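Read the structure below first, then the notes.
What follows draws every value from the coordinates through simple rules; no lab data is involved. Quantities reported herein were computed from a predicted structural model and do not represent experimental measurements. Backbone-built Cβ (ideal geometry, glycine too); neighbour counts: all protein chains shown.
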Amino acid sequence: MADARADDDADAAVEDLVAAFPALAGLVRPAVLLRPEPGTPGVLDSSVGGPLLWPAAEPWPVCREAHAVEVRVKVPDEDRAALERVDRAVRGRRRARPERAEETTAEETAVLRRVLAGAEALDRISWETVRTVWDTSGPGVAMVPLLQLRHPRASAAAGRPRTGRPDGADLLQVLWCPNDHGELPDQSGYHGPALEIRHRTAARVARDRVLTSPPRPDRAEDAYLPTPCLLSPQPVADLADPDGLPDPDDLPAALAEEARRWAGRRGAGAVPLNVPSRRPDWKLGGWPGLDLSGPDSLDCVSCGAPTRLLLTVPSSVDGPDISVGRFGTLRVHTCPEDGRHPARLHLQ
Ligand SMILES: [Zn+2]
Ligand SMILES: [Zn+2]
């Protein structure tokens, strides 16, 4: 594996940097930039949207949370006739007085409201009312692979909780349900894809018993189906964004600049100091780049410990070509105390 030492190097880079700049202790974290590029990953590769090294005997994750379903109901003929009379009356008035804005009378508005009966929209082509309901019926939706990452040295970038993770886990697998959701457990205010995170030991998956054709979702939003990508993981020492700290004065610009120059002088082969950029990268570990303390705090819902950033998933039109939120960024945070506690999802 080309990326075998990536996460290990990031840990070492952080130690070197803090040894040279003790004031940076707590302000620099190990991270791995994932750098996805479209390709044809196999089950042994680190990938975004690629096949997973998944034991054939293990159930594939299925999402049984509430999914949005569009319910269409035919408008009865007499109601359609009433609506067509309203439309004709509106058009007639507009022709007579084109300078006036389109208006409906109170009576006409009442007709429309009665026919809609709480639906969000009226399809005037098919003459159906359209409403969204949250549906939990059916067998559930098969999840799709978002990320597989081999990190053979169990790095700090990959989270390393005090307890609750299999010993020797060197393979991170993240799947998601490629749909929007109603309320998800433990994720107040978040309505994006539901996530499933697995940590396993690659050597324990028998190569002749790997799942070759996982189930596919029977419903999915295109924006949540990543283009398969291979990764070129790059370990970095991830420097905090002062604007993302509760107190920006904790990281003076002069100190950041000095550290940057020091890291730059270390030359080729050295682990780079990752300076916060405007456009978030696909990244394991490191800093979220925004202040998630105070009212936005993402404490563990099970034990109350402040969570740590595990994964940054940005929207992009190149590479994996996905879009989360309003072309925003999904950040996955996990509990540093116990790997079994639920992740917290943050969409910005
Ligand atoms: Zn779902
Ligand atoms: Zn916890």
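Overview of values
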| read-out | value |
| --- | --- |
| Directionally averaged projected area (convex hull, Cα atoms, the stretch 68-135), nm² | 5.3 nm² |
| Calculated log₁₀ intensity ratio I(q)/I(0) where the Debye formula runs over C-alpha points of the stretch 202-348, q = 0.13, 0.14, 0.20 Å⁻¹ | -0.80, -0.91, -1.36 |
| Folded to 0 to 90 degrees: helix 77-96 orientation relative to the chain principal axis, Cα | 90 degrees |
| Rel. contact order, % - alpha carbon contacts under 8 angstrom, at least six apart, the chain | 25 percent |
| Computed [θ] at 222 nm, helices only, for the chain once each DSSP H run of length n ≥ 4 contributes -39500 (n - 2.57) | -5500 deg cm²/dmol |
| GNM result for the chain, Cα springs below 10 Å: residue of Ser302, Ser316, Ser213 fluctuating most strongly | Ser213 |
| Per residue Cα convex hull volume in Å³ - calculated over the stretch 126-199 | 150 Å³ |
| Evaluated over the stretch 212-277, the Cα radius of gyration and Dmax, each in Å | 19.4, 54 |
| For the chain, diffusion coefficient by Stokes-Einstein and Kirkwood Rh (Cα), 4 °C, 1.567 mPa s, µm²/s | 56 µm²/s |
| Rounded FRET efficiency, nearest 0.05, which uses the C-beta distance separating Val71 from Arg261 and R0 of 51 Å | 0.25 |
| Computed lengthening from Ala19 to Glu58, 0.36 nm per intervening residue step minus Cα-Cα distance | 9.6 nm |
| GNM flexibility winner over the chain from Arg308, Arg326, Arg200 (Cα, springs under 10 Å) | Arg326 |
| Radius, Kirkwood style, for the stretch 278-348 when every pair of distinct Cα atoms is counted (Å) | 12.7 Å |
| For the chain, size of Cβ-based charge dipole, Lys and Arg +1, Asp and Glu -1, in debye | 660 debye |
| Residue among Pro242, Pro41, Pro166 with the largest mean-square fluctuation in a Gaussian network model of the chain, springs linking Cα atoms under 10 Å | Pro166 |
